[in-house]
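Asks: Pasting a structure here, questions to come.
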Amino acid sequence: MMVPQHVAIIMDGNGRWAKKRGLPRTMGHTRGAQVVEQILEDADDLGIRYLTVYAFSTENWSRPAAEVKALMNLLRTYMKTSLAKCAKNNVRVRVLGDKTKLAPDLQAAIANLEKETAGNTGITFQIAINYGARDEIVRAVRKLAADVKDGRTDADAIDEAALSNALDTGGIPDPDLLIRTCGEERISNFLLWQIAYAELYFTDKAWPDFDRAELEKAIEAYGKRERRYGGLSE
Ligand code: FPP
């Protein structure tokens with residue numbers, strides 16, 4: 001099996017999964033959070049080096065307050081309780097997105113987990129929280145503009161590599177495969193710059209039903225595709 005180095009996932013369908021079972025939407029998210037942790041282990045086991053998941057978008061703040069709170073609490077719990085597991089499994093955690101809008105205790109827990117796992121050499125787990133790709137690009141451009149203004153760089157020296165490095169994902173290779181669950185076939189402002197050459201894979205499975213077999217199916221489909229990066233095949 002040809003395994004992609006970096007897999008990104010838009011975990012969609014938690015709400016629909018719950019509704020179908022007569023459960024509150026938040027139960028779908030709770031189950032979804034358990035699934036992410038399992039898929040991280042499976043991804044690692046399959047040889048994937050980077051896993052990036054879309055946990056909370058810049059648009060998700062407009063959901064009902066109770067749902068926003070439930071999602072934030074799931075993320076809070078993850079940040080505060082997963083250090084031992086990350087140490088055991090050699091996982092490095094990074095959080096993408098504008099963290100300045102998150103609750104101070106969550107920001108502190110994220111900073112701590114990122115710092116404590118920074119030296120781990122196994123799979124890198126990137127969680128996008130209060131993330132929007134356009135917002136990320138705007139923040140990166142501001143950073144570069146400040147560098148030019150303060151004389152740290154020249155406008156002419158700004159190239160694709162410089163912009164890539166200024167993004168939240170700076171230093172991380174671009175995703176090879178982007179998976180979206182639950183039937184929707186759109187990107188929803190996720191990693192717009194980074195997925196320029198990614199293979200896209202859509203499945204009807206809702207995220208809480210996603211499992212190792214589904215991940216393997218996506219990898220298998222990826223392996224059958226021919227990536228040409230704009231060139232010609234031999
Ligand atoms: C989309 O389903 C899912 C989300 C907006 C949240 C995803 C977050 C998690 C699975 C928790 C992440 C936790 C960790 C530890 C990383 P939806 O609510 O839009 O579903 P719907 O389209 O069926 O309504």
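Asks: Thinking of the chain as a set of Cα atoms, what percent of all their pairs are more than 30 Å apart?
Replies: Details: 6930 of 27261 pairs.
Cα-Cα pairs in the chain separated by more than 30 Å: 25 percent.
Asks: Here's something else I'd like to know. Mind listing the long-range amide H neighbours of residue 9? Cut-off is under 5 Å, sequence gap 5 or more, other chains count too, H placed in the peptide plane at 1.01 Å from N.
Replies: Here 52, 53, 54, 179 satisfy the definition.
Asks: Along the charge dipole of the chain, Cβ charges K/R +1 and D/E -1, which of 22, 161, 56 sits furthest on the positive end?
Replies: Toward the positive end, the furthest listed residue is 22.
Asks: For a quick check of understanding: with a 1.4 angstrom probe and all protein chains in place, what accessible area in square angstrom does residue 228 have, to the nearest ten?
Replies: 120 Å²
Asks: Enumerate the whole-percent occupancy of each 5 Å bin, from 0 to the last occupied one, for all C-alpha pair distances of the range 146-232.
Replies: 3, 11, 17, 17, 17, 13, 8, 5, 5, 4, 0
Asks: May I ask for the percentage of alpha-carbon pairs in the range 85-217 that lie more than 24 Å from each other?
Replies: Values: 3799 of 8778 pairs.
Summing the P(r) tail past 24 Å for the range 85-217 gives 43 percent.
Asks: I've got another one for you. Could you tell me the number of lysine pairs in the chain with C-alpha atoms less than 23 Å from each other, where the two lysines are 8 or more residues apart or belong to different chains?
Replies: Close lysine pairs found across the chain: 20.
Asks: Here's a follow-up. Multiply the residue separation of residue 229 and residue 143 by 0.36 nm, subtract the distance between their alpha-carbon atoms, and state the gained length in nm to one decimal.
Replies: Contour length minus the Cα-Cα distance gives 28.1 nm.
Asks: Under the Kirkwood approximation applied to all pairs of distinct alpha-carbon atoms, what is the hydrodynamic radius of the range 1-98 in Å? Before the final figure, lay out the partial values.
Replies: On the way: mean 1/r = 0.0677 Å⁻¹.
Hydrodynamic radius (Kirkwood, Cα pairs) of the range 1-98 is 14.8 Å.
The values are calculated or read from the model by the stated rules, or taken from the named source; none is laboratory data. This is a predicted model, so every value here is computed, not measured. So basically every Cβ, Gly included, is an ideal-geometry build from the backbone, and we count neighbours across all protein chains shown. For accessibility, only protein heavy atoms count, side chains too; no ligands or nucleic acids. Shrake-Rupley method; radii C 1.70, N 1.55, O 1.52, S 1.80 Å.
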